[in-house]
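Notes follow once the structure below has been shown.
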Amino acid sequence: MITVCFHGAESTGKSVLADKLSRELGATWVPEYGRTYCEERGTDLAMADLLAIAEGQAAAVEVAMAGNPRLLILDTDQLMTAAWAEMLFGEVPAALLNYPKADFYLLFAPDVPWIDDGTRFFGKGPLRSRFAALAEHMLVRAGVPYRKIGGDWAEREQAVRAVLAPHLLGIGQAKT
């Protein structure tokens, strides 16, 4: 099993692309638990909420891994929650850095238009740039392998497909 985590600032296409590619390629996708959490409870978050989001994400990943998929696409993980903690509260609880890591991370650049969907915070230029930098910093801090994904929507999709292609033998309709 290979786990690939889509990582990066808000409104960069991670969820849409994870959903689309998982369906097309026959991969297993673990959606972003934090979105559901905020839709149900609101976006006035405390650190306890971020820790609960991290636990909810971990539980969802555990369920998905039990099916032993060949390719598991994570639409975020606790390293992104750590970036949220740093951005919102100026600190990162060690617990957020101690969760299992994906095999590989795709860092989505904030070079596409930001869309407010009611659960997003950091759309203004300097805030979005800072949040994107914190997201990358968490990957560096954790020492995990990653590749940057940028460009327009079509270029992003093409780049992600190219990264996933070697892991798709025997599943789905892998077309790159």
Notebook entry, point to check: For the chain, list the DSSP H helices whose alpha carbon atoms reach 20 Å or more along the long axis and whose average Kyte-Doolittle value is 0.5 or above?
Noted result: 47-66
Check: Got the relative contact order for region 2-167 handy, in percent, Cα pairs under 8 Å and 6 or more residues apart?
Finding: 34 percent
Notebook entry, point to check: Which of 71, 21, 88 moves the most in a Gaussian network model of the chain with Cα springs under 10 Å?
Noted result: 88
Checklist line | For region 2-167, the fraction of alpha-carbon pairs in successive 10 Å shells from zero, as % | finding: 10, 42, 39, 9, 0
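Where a number appears in this text, it was derived from the coordinates with a stated rule and is not lab data. No experiment lies behind these values; they were computed from the predicted model shown.
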